[in-house]
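Student: Would you mind keeping the following structure in view while I ask a few things?
The numbers here are math on the coordinates, done by the rules we state, and not lab data. These numbers were taken from a predicted model, which means no experiment stands behind them.
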Amino acid sequence: MAAPLLQAQIDISAPVARVWALVPDLADAGTRVVETRHAENGVKPAANMTVIALFGGVPNLERELVDGMNASLSRITAAAER
């Protein structure tokens, strides 16, 4: 797998650092871009309480994150195919 196109370390005094990355995976048929999100050290209880309060729980947050990632990847695909 190639190096990330974009990688951001987000730290706003959050309970845990999260890393987002867009990683190109070069293949004969083209390039596949994979967006990832990692919480390397897990999530602290305060973060879980916030997710429950703001998003109605982890499943809802995960759905929103996946929807956002799919929207980003769709925009990248559309721009690349122009």
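Student: For Gly57, what residues show an amide H to amide H distance below 5 Å, using hydrogens built from the backbone and excluding near sequence neighbours?
Tutor: Ile52
Student: What full-extension length gain, to one decimal in nm, is calculated for Ala78 and Thr36 as 0.36 nm per residue of separation minus the Cα-Cα distance?
Tutor: Once the chain is fully extended between Ala78 and Thr36, it gains 13.2 nm.
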